[in-house]
Amino acid sequence: MRKQAVVDGLLELIRRAEIFLPQDVVEALEEAASREEGVAKTQLETILENIKVARETSRPICQDTGVQTFFVEAGVDFPYLLEVREWLNDAVKQATNKIPIRPNSVDPISGENLGFNIPVINWELTKGDNLLVTVLPKGAGSENMSTLKMLQPNDGLEGVKKAVVETIIRAGGNPCPPTIIGVGIGGTADLAMYLGKKALLRRVGSRHPDSKISSIERELITTINESGIGPMGLGGRTTVLDVHIEFAPRHPASLPVGIVIQCWAHRRATMRIYPDLRWEFL
Amino acid sequence: MSKIYYVSLPIKDTRKFHVGDTIFLSGRVFTARDKAHRKLLNLKELPFNAKGMALFHCGPLMKKNKNGWKVVSAGPTTSSRMEPFEAELIKKLGLRVIIGKGGMGEKTRNTLREHGCLYLAYPGGAGALAADRVTKVDAVYWLEELGIPEAVWVFTVKDFGPLVVAMDSHGETLYQ
């Protein structure tokens, strides 16, 4: 009984993410539409109209409802820590028919569609007794263009910037631009990709608190937008809405760069669950 | 000068359209992603007549109720995944109109020119809006075998668009 109440909350979290685009993303798209013209403007205006229709009719924004990717900040004193995985699995499974979201889980060996969805869950332990759950439904069009570059340390910062710009240019219209880019610099191969994905959780328009990093973010935004790829790759001034960088110390001999691309339909939603299992959306 | 057209399928004179033109399309479309492309190419005979239909790169989000299937959200999927199959499918089915997003490769570009076929781009992700232009779900093929996203769905659409002529039948393209 109590379990289903939490699962219902998580279902509502997924529903919100799929149907309502966060305000910072909508505002960035509106601003982009105002500075574009011709085909590029038409693309963005249609996208904005679609966001409105989805909201008004309570339907997922995009048919690719993505991989339900969770980021869980778990307070170590939360009393049901061992049950959280099951809650998330159940919520995502039920969401397939209840919202509905597209059955997007496929057996990688046989190629068979399983008929429901299975989440990807990232955990971080924190102090305290509550649970902060963010869902980021990740579409394949953009995920397929994400990439890991294991650079030589000698390539330096210029090499990092070049890798990001080249990746976005090579992706062209495939990942549904204007995109949001998460970049993880340093760490190991897996950590760089994780940091890149986690960087997507930052608000569009927010800059990294470290001024060294924020100036690289600004530079990359300008350079990529000068490429002219534009909305949906059909040409224009807006190829990215934002670039977010996170970093970690690296081995002296390696320079991993994780480049994670997110489509304009940058869906995300967050909720807090308390020890008595009350929950609220943030 | 870019123009706006309201067009019904089948389109006979595809060569009058040029990159940058906008089309609102009415008629029948069938969806096919990479798996379905392979299937269609391997079959001697199709279970439906694709003549006059547009090919739509799409894996729709569908819901079944007591009156049958309903489209919930149905924007385009990334067309480049279909590049290895497309030239052959255009020839096999005599396709004149392809709807997708993100653009296609050189081989398809040449085949579009040779066979008078158009590649039309619908804004990716605008799935709710696209679903509202589907007036009827006519049929579905290989649903059990391929699953909802990969099955071949036949839809009737009305004023489906805005579709930008992104690759025309003169060899021109908007993709750099």
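Please work out the Cα convex hull volume for chain B and give it in Å³ per residue. It would help to have the intermediate numbers written out before the result.
Working: hull volume 17.9 nm³, N = 176.
Residue-normalised Cα hull volume stands at 102 Å³.
Sequence neighbours fewer than 8 away in the same chain don't count; with that in mind, list the aspartates and glutamates whose C-alpha is under 17 Å from B:K92.
Counting by Cα, and skipping residues close in sequence, B:K92 has these aspartates and glutamates nearby: B:D34, B:E45, B:E83, B:E114.
Could you work out the relative contact order of chain A? I mean the mean sequence separation of Cα pairs under 8 Å and 6+ apart, divided by the number of residues, in percent. Please report the intermediate quantities before stating the final value.
Values: 604 pairs, mean separation 72.5, N = 282.
Computed value for chain A: 26 percent relative contact order.
Only bridges whose two residues both fall in the protein assembly as shown count here: according to DSSP, what percent of them are antiparallel, nearest 5?
Of all bridge pairs located within the protein assembly as shown, approximately 60 percent are antiparallel.
So, counting K/R as plus one and D/E as minus one, what does the shell of residues with Cβ under 14 Å around B:V19 add up to?
Numbers: positive: B:K3, B:R15, B:K16, B:R109, B:R113; negative: B:D21, B:D168, B:E172.
Counting the neighbours of B:V19, the net charge comes to +2.
When DSSP assigns beta bridges and you keep just the ones with both residues in chain B, what percent turn out antiparallel, to the nearest 5? Walk me through the intermediate numbers first.
Working: 22 of 37 bridges.
Within chain B, antiparallel bridges account for around 60 percent of the total.
Kindly rank A:169-180, A:184-195 from highest to lowest mean number of other beta carbons found within 10 Å of each residue.
Values: A:169-180: 24.7, A:184-195: 20.1.
Per-residue Cβ counts within 10 Å, averaged per peptide and sorted highest first, yield A:169-180, A:184-195.
Using Cα pairs closer than 8 Å and at least 6 residues apart in sequence, work out the relative contact order for the range A:1-125, in percent. Can you show the working numbers first?
Numbers: 135 pairs, mean separation 37.1, N = 125.
Relative contact order comes out at 30 percent.
Please report, in whole Å, how far the alpha carbons of chain A spread along each principal axis, starting with the longest.
55, 48, 42
What are the residues whose amide H is under 5 Å from the amide H of B:L9, where those residues sit 5 or more places off or on another chain and H is modelled from the backbone?
B:S26, B:G27, B:R28
Name the aspartates and glutamates eligible as straight-distance cross-link partners of A:K212: C-alpha to C-alpha under 19 Å, and not fewer than 8 places from it in the same chain.
Here the aspartates and glutamates satisfying the reach criterion relative to A:K212 are A:D155, A:E158, A:D242, A:E246.
Where does each of A:D155, B:D168, A:D77 land when they are ranked from fewest to most other beta-carbon atoms within 10 angstrom? Before the final figure, lay out each step's value.
Values: A:D155 15, B:D168 25, A:D77 12.
By the 10 Å Cβ count, ascending, the order reads A:D77, A:D155, B:D168.
Can you give the local net charge around A:G141? Use residues other than it whose beta-carbon is closer than 14 angstrom to its beta-carbon, Lys and Arg +1, Asp and Glu -1.
Details: positive: A:R102, A:K138, A:R267, B:R33, B:R81, B:K101; negative: A:D64, A:E143, B:D34.
Combined, the nearby Lys, Arg, Asp and Glu give +3.
Can you tell me the relative contact order of chain B? Whole percent, Cα pairs under 8 Å, sequence separation 6 or more. Could the numbers behind the result be given before it?
Working: 428 pairs, mean separation 53.9, N = 176.
Over chain B, the number comes to 31 percent.
List the aspartates and glutamates whose alpha-carbon lies under 17 Å from that of B:K66, not counting same-chain residues fewer than 8 positions away?
B:D138
Taking the Cα atoms of the range A:141-262 alone, what are Rg (to one decimal) and Dmax (as a whole number) in Å?
Rg then Dmax for the range A:141-262, in Å: 13.2, 41.
Taking the number of other C-beta atoms within 10 Å as the exposure measure, put A:S146, B:S8, B:S80, B:S2 in order starting with the fewest. Before the final figure, lay out each step's value.
On the way: A:S146 20, B:S8 10, B:S80 23, B:S2 13.
Ordered from fewest to most neighbouring Cβ atoms within 10 Å, A:S146, B:S8, B:S80, B:S2 come out as B:S8, B:S2, A:S146, B:S80.
Provide a whole-number value for the mean count of partner chain Cβ atoms within 10 Å of the Cβ atoms in peptide B:75-83. Working shown, then result.
On the way: counts 9, 5, 5, 11, 2, 7, 4, 0, 0.
Mean inter-chain Cβ contacts per residue within 10 Å come to 5.
Grab the other residues whose beta carbon is less than 12 angstrom from that of B:W153, score K and R as +1, D and E as -1, and report the net.
Details: positive: B:R28, B:R33, B:K70, B:K136; negative: B:D138, B:E150.
Local net charge: +2.
Could you tell me how many cubic angstrom of Cα convex hull volume the range A:228-282 has per residue? List each step's numbers first, then the result.
Details: hull volume 8.0 nm³, N = 55.
It comes to 145 Å³ per residue, whole-number rounded.
What pairs in A:K197/B:K63; A:K162/A:K197; B:K3/B:K101; B:K44/B:K158; A:K138/B:K101; A:K161/B:K107 have C-alpha atoms more than 23 Å from each other? Intermediate values should be presented prior to the final figure.
Details: A:K197/B:K63 31 Å; A:K162/A:K197 19 Å; B:K3/B:K101 20 Å; B:K44/B:K158 31 Å; A:K138/B:K101 18 Å; A:K161/B:K107 32 Å.
As for pairs spanning more than 23 Å Cα to Cα, those are A:K197/B:K63; B:K44/B:K158; A:K161/B:K107.
Do any cysteines in the protein assembly as shown lack another Cys Cβ under 4.7 Å, and if so which?
So far as the 4.7 Å Cβ criterion goes, A:C62, B:C58, B:C117 stand without a partner in the protein assembly as shown.
Could you work out which residue, out of A:R202, A:R268, A:R16, moves most in a Gaussian network model of chain A, that is, has the largest mean-square fluctuation with Cα springs under 10 Å?
A:R202
One quarter of the convex hull surface, Cα atoms only: what value does that give for the range A:82-121 in nm²?
Working: hull surface 12.3 nm².
It is 3.1 nm².
Quick note: the coordinates plus some simple rules give every number you see, no bench work behind them. These figures come from a predicted structure and were not determined experimentally. When we count neighbours, we look across all protein chains shown, and the Cβ atoms used for this are built from the backbone with ideal geometry, even at glycine.
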